[in-house]
Amino acid sequence: MAAVTSSFSFSTLTQSSQRKLTFSSTRVLTSDSDGVRFPLSLSSHYVGIRTSNSISRMVVRCSSSVSDPPTVSETKLKFLKAYKRPIPSIYNSVLQELIVQQHLMRYKTSYRYDPVFALGFVTVYDQLMEGYPSDEDRDAIFQAYINALKEDPEQYRVDAQKLEEWARAQKSTSLIEFSSREGEVEGILKDIAERAGGKGDFSYSRFFAVGLFRLLELANAMEPTILEKLCAALNINKRSVDRDLDVYRNLLSKLVQAKELLKEYIDREKKKREERTEPQKANEAITK
């Protein structure tokens with residue numbers, strides 16, 4: 001049996017207090033492919049800002065003023081009931097941790113859904129599930145995950161696609177000058193800027209930071225100064241964004257390494273099985 005273990009921790013400040021995010025991974029190899037385990041763990045506390053209420057026509061409000069919100073275990077159970085097939089541990093361990101953290105965000109009183117957050121989550125999910133054995137299962141897991149949080153998976157996909165299409169048509173200057181322009185996505189960004197600036201509920205999260213990064217990536221505006229200007233225009237703490245993007249990049253790196261190790265192990269085991277069956281096939285041929 002071989003084992004590979006890695007871990008890192010990351011501390012960052014949100015707009016109102018400090019949070020710490022940790023990531024760890026462990027891989028244990030046994031004599032068969034079912035024994036491969038690569039649990040990846042992420043944990044974080046998200047801090048939001050509670051101010052006066054402000055409702056925009058451009059953004060769907062999904063606040064969490066639920067009198068009796070479900071427990072974390074109930075949300076996880078709902079996910080498991082909706083998708084009953086086994087999920088390889090390299091994916092499942094991260095999914096389970098993500099759904100716990102997103103549950104805590106979802107049922108905060110200051111929570112408010114926004115499309116940039118949706119774009120960030122969709123980006124993380126698609127990166128995590130890249131290479132999953134079945135496209136159909138990957139989509140079914142996404143549906144079960146979002147439905148378990150009592151949100152609309154179709155809305156996540158539609159809003160993410162809308163922002164991606166908008167970003168592809170932007171340049172560095174137009175991306176950061178959204179406040180002086182008219183349009184549906186521009187209205188969404190203006191609403192976020194108002195709420196983050198103290199005119200409504202805003203709950204910053206790692207997914208929001210990834211959503212911003214995806215906008216810059218699609219607009220081919222990767223200069224550090226552009227991110228700084230975009231954060232300023234949105235009234236977002238750039239230091240928090242920078243640190244969360246470092247966590248995101250580290251997560252992707254760990255996932256790539258894990259998937260490569262898993263592929264190598266599966267290929268090696270497959271080769272061993274083929275080598276074991278070759279003498280048997282030869283003996284059967286001689287007998288016939």
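A short reminder: the numbers here are calculations on the coordinates, not readings from a lab. Source: prediction; values computed, not measured. Note: ideal-geometry Cβ built from the backbone for every residue, glycine included; neighbour counts use all protein chains shown.
So the values come out like this:
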| quantity | calculated |
| --- | --- |
| Residues whose placed amide H lies under 5 Å from that of residue 202, excluding near-sequence neighbours | 49, 51 |
| Efficiency of FRET from Cβ geometry, residue 220 and residue 181, R₀ 25 Å, rounded to 0.05 | 0.85 |
| Lys/Arg +1, Asp/Glu -1 at C-beta; region 189-288 dipole; positive extreme among 277, 218, 230 | 277 |
| Cβ charges +1 (Lys, Arg) and -1 (Asp, Glu), total dipole of region 175-226, debye | 200 |
| Cα-centre dipole for region 101-207 with unit charges at Cβ (Lys and Arg positive, Asp and Glu negative), debye to 20 | 540 |
| Residues residue 100 and residue 151, FRET efficiency given R0 of 22 Å [Cβ-Cβ distance, rounded to 0.05] | 0.90 |
| Options 262, 287, 203, ranked by Cα towards positive dipole end of region 175-288, top entry (Cβ charges) | 287 |
| Convex hull volume per residue for region 173-288, taking Cα atoms only, in Å³ | 171 |
| FRET efficiency, residue 252 to residue 68 (Cβ-Cβ, R0 41 Å, nearest 0.05) | 0.65 |
| Region 132-288, dipole about Cα centre (Lys/Arg Cβ +1, Asp/Glu Cβ -1), debye to the nearest 20 | 640 |
